[in-house]
Amino acid sequence: MKEYTLEQWKKKVFECIDVEEVKQVMVELCGIPSPMKLEYKAGEFVYNWLEAEGFNPRKVGLTPERFNVIGTLRGDGSGHNFMFSSHLDTTGPRDKVYGEGDYPEDTWWISKENWNNPWWHEAWIEAGRFVGMGVNNDKGPMVCTLMAAKAIKKAGVPLKGDIYVTACPGEIGQEPVSEYSGMEYCSKEFGAEYLMVHGGLIPDFALEAEGTHFGVNWVECGKAFFKITVYGESVYTPWYVHVDNCADSANPIYKCAPLIEAISKYGKEYEKKYTVDLPGGLVAPKLMIGAIRSSIPYFIIGGSEIAELYVDARLVPDTKPDFLKRELEKICNSLNLKAEVELFLFRNGREADNEAIKPLVDVLKGNHKAVRGYELQKSAPGFSSMWRNENIWNEYLVPSLTYGPSNVSPTIDEIIDCIKVYASTAMEICMK
């Protein structure tokens, strides 16, 4: 085999990137609807592609319908192993699957116009950009990992360590609560968590392929979900007595008005108080009411005895949520509300060990600058203040960071640049 320098190998790898193939795979994979719980067809596409390209893929899943895909490019066993990861599920209207069916009654909370918008369910190229939700989150970066691995393989790079290409279900944040219980509503337990426990992988480093506008972070928030149950009385409309202060109303729906205002005010204070600038990124934890419900729409003449607010709170890494439960209880008590605060989800946030992640950060810095032409910067706080599968890898002591292209309709050139950065970073790690 001819001796090449590292830079010569990178050049050879870049020459193996087929732009037309990138376009084709991007539109095909990102055009497969894969909302939460329904990742199967997208997973099959990735598995079949990896199989056809000689990556000996495996399916690792808790159920046959929701499986992780693992493709492997083997090294000689003497170097560092590197893992690409991205997720199959996308956000959007939950029941618009595979482009079939009429507007369902149980998605009343999404407008019919939005539900039928092809942006949620298809992918296409327009004015030099890849368009569609599947491109943005997260199958666009996934295609970059596939193409990076293929280019390395096609170029015949002599790897010392293995390169894993993985695709996970269940990254989007649905969680069981109330009557919405059972496996159907679980997320990470099917995806990254299951992959790490049962996948048989031993990566030394991991790159979570997600849109970051070419910024980098190696920290993410934890999260805690709360259900606040507000109690009141069912009152027949003709007998309802209006009050000056909604907190004094018999109707629990009215009682929620000052509670919503108080939680909104606290959320602003919470973010300001707990924002922290860590080496892995600026963490600015947010808090928001994500759902509210009470009574039944077809029988509103009697009001309701119960109203429920559902609160999504993001947490600084390695922070327990007990203090937040007490703060929400304090808010309810200050309004003299009969209410119950229940924690129904806690997932810890993580920051990669800063010494352990340094070799990967340094390699990424060099390759980012070589391809993009400017110094690598930390990603915007929103990207380091959410939940991503990076948390799982760091939890299991795999130094992990997140880096990727624009998460809003990336250009073809941006995607090609991302493939180059991914490929050169993976091969550089695995050639050592």
request  = Would you check if residue 125 is hydrophobic (A, V, I, L, M, F, W, C) and modelled with pLDDT of 95 or more?
outcome  = yes
query = Considering only residues of the range 79-117 that are open to solvent by 60 Å² or more (accessible area, probe 1.4 Å) and in contact with a helix residue (DSSP H, G or I) (Cβ under 6 Å, 6 or more places away or on another chain), which is modelled with the highest pLDDT?
reply = 80
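Against the condition touching a residue at least 60 places away in the same chain (Cβ under 8 Å) and touching a helix residue (DSSP H, G or I) at 6+ places or on another chain (Cβ under 9 Å), how does residue 375 come out, does it pass? Full working, then the answer.
Details: touching a residue at least 60 places away in the same chain (Cβ under 8 Å): no; touching a helix residue (DSSP H, G or I) at 6+ places or on another chain (Cβ under 9 Å): yes.
The answer is no for residue 375.
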ask   = From the residues in the range 354-405 that are part of a loop (DSSP other than H, G, I, E, B) and among the charged types (D, E, K, R), which one is least open to solvent (accessible area, probe 1.4 Å)?
value = 388
task = Return the residue satisfying two criteria in turn: it lies in the range 166-193 and is over 17 Å from the mean Cα position of the chain (by Cα) and of a type in the set (A, V, I, L, M, F, W, C), and of such residues it is surrounded by the fewest Cβ atoms within 10 Å (Cβ to Cβ).
result = 183
Elements of type strands (runs of 3 or more DSSP E) in the range 212-310, at least 1 residues being open to solvent by 70 Å² or more (accessible area, probe 1.4 Å) = 222-231, 276-278, 287-294
task = Would you check if there is a residue in the range 175-186 being modelled with pLDDT of 95 or more and either closer than 18 Å to residue 88 by Cβ or in contact with a Lys or Arg (Cβ under 6 Å, 6 or more places away or on another chain) (or both)?
result = no
message = Just checking, does the range 128-151 include any residue being at pLDDT 95 or above and on the phi > 0 side of the Ramachandran plot?
response = yes
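The values are calculated or read from the model by the stated rules, or taken from the named source; none is laboratory data. A quick note: this is a predicted structure, and the numbers were derived from the prediction, not measured. Every residue, glycine as well, gets a Cβ built from its backbone with ideal geometry; the counts of neighbours run over all protein chains shown. Each accessible area value is taken on the protein alone, full model and side chains, heavy atoms only, with ligands, DNA and RNA left out. Shrake-Rupley method; radii C 1.70, N 1.55, O 1.52, S 1.80 Å.
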